[in-house]
1. Pairs only if they're at least six apart or on different chains, beta carbon under 7 angstrom, first in the stretch 1-26 and outside any helix (DSSP H, G or I) and among the aromatic types (Phe, Trp, Tyr), second surrounded by 14 or more Cβ atoms within 10 Å (Cβ to Cβ) and modelled with pLDDT of 95 or more; list them, first residue then second.
2. What are the residue pairs meeting all of these: first residue in the stretch 53-65, first residue in contact (Cβ under 8 Å) with a residue 24 or more places away in the chain and surrounded by 18 or more Cβ atoms within 10 Å (Cβ to Cβ), second residue part of a loop (DSSP other than H, G, I, E, B) and of a type in the set (A, V, I, L, M, F, W, C), Cβ atoms under 6 Å, and 6 or more apart or on different chains?
3. Keeping to the stretch 66-97, report how many residues are farther than 19 Å from Leu115 by Cα, in contact (Cβ under 8 Å) with a residue 40 or more places away in the chain, surrounded by fewer than 23 Cβ atoms within 10 Å (Cβ to Cβ) and not basic (Lys, Arg).
4. Give just the number: which of (1) assigned to a loop (DSSP other than H, G, I, E, B); (2) on the phi < 0 side of the Ramachandran plot; (3) not hydroxyl-bearing (Ser, Thr, Tyr) does Gly119 not satisfy?
5. Conditions first: (1) among the hydrophobic types (A, V, I, L, M, F, W, C); (2) buried (at least 23 other Cβ atoms within 10 Å of the Cβ); (3) within 30 Å of Pro135 (Cα to Cα). Val308 passes all but one, so which condition is the exception?
6. Scanning the stretch 103-150 for residues that are in contact with a strand residue (DSSP E or B) (Cβ under 7 Å, 6 or more places away or on another chain) and of a type in the set (Asp, Glu), which turns out nearest to Ser38 (Cα to Cα)?
7. Within the stretch 139-182, take every residue that is assigned by TED's automatic domain parsing to the domain that holds Thr114, free of Cβ contacts under 8 Å to residues at least 60 places away in the same chain and among the hydrophobic types (A, V, I, L, M, F, W, C) and give me the one that is farthest from Gly258 (Cα to Cα).
8. From Leu232, Leu271, Leu197, grab the single residue that is among the aliphatic types (A, V, I, L, M) and either surrounded by fewer than 19 Cβ atoms within 10 Å (Cβ to Cβ) or in the same structural domain as Val139 (by TED's automatic domain parsing) (or both).
Amino acid sequence: MFTDQGAKDTRSGFGAGLLELGKTNPKVVALCADLTGSLKMDAFEKEFPDRFYQVGIAEANMMGIAAGLTIGGNIPFTGTFANFSTGRVYDQIRQSIAYSGKNVKICASHAGVTLGEDGATHQILEDIGLMKMLPGMTVINPCDYNQTKAATLAIAEHEGPVYLRFGRPKVANFTPENQKFEIGKALLLKEGTDVSLFATGHLVWESLQAAYALEREGISVEVINIHTIKPLDEEAILKSVAKTGRAVTAEEHQINGGLGESIASTLSRNLPTPMQMIAVNDSFGESGTPDQLMKKYGLKDENIVAAVKRFF
């Protein structure tokens, strides 16, 4: 059973990973759009001022600069809120980064409704869909501090554009410290025989809690952490569902375009399976605390429990 080692925000995992990269990889440079403290990039800025670029509130320009920096062999990490990292600059990402195959790491904090009180205009819930549709784009959504740090280190070694998504609030930190992060490789967290539960980001911890509760009621749930949404580990998904015959997905994203849709596509083509999806149902967010919003939009462990029970 996984236990919380002490709640931490995933953006701090990114900041810690970026600082470590600065010390070990001289090709890594960082750019930020006036949110250095919020993205936890301040330690990198202080330690490596000659490799840090503060572009101000000019996110489109930041993406263009990042694309240009790759030509000299640098590995640029851009940082701003997920809304400004995707929706505001989609044209620049598509044309200057994805189409050109530039080695830019687009690092996006404050994703989903857990951004909280800043409200619907900042709570992007469409970003995974936007980014996974871009040819050649890798899309990663880690679940806690430790995994976000590990993912930050891993993407520096990956050649090509990456979208790394993480969040604002403190959440359970339960995966191993100093873990090895393998892009595109799903992680089996709990074995089960009745239902396959595929989760990403903040919903991984909620899914584990749901699985433990269901186990006490005699329902065996397999929990798999899909930290990489693209490329998707179809082999792991099909192997699990072939055993259980039922699938549930859980994500802090729109039901359209997210992890659930990707898994549904995989299953429909390979192994048609009864399926439930936990996600935001075609709605914008609103202002509130992260916990209030997770409850209102049905993203808590009790919602996952209810979805699993619909099969029985």
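The values are calculated or read from the model by the stated rules, or taken from the named source; none is laboratory data. Everything numeric here is computed off the predicted structure, so don't read it as measured data. Counting neighbours? That spans all protein chains shown, and the Cβs are built from the backbone with ideal geometry, glycine included.
1. Phe2/Phe174; Phe2/Leu189; Phe2/Leu208
2. Val55/Ala33; Glu59/Ala33; Met62/Ala33; Met62/Val55
3. So the answer is 5.
4. The single condition Gly119 does not satisfy is (2).
5. Just one mismatch for Val308, condition (3).
6. Asp144
7. Out of the qualifying residues, it is Ala154.
8. After ruling out the rest, the residue left standing is Leu271.
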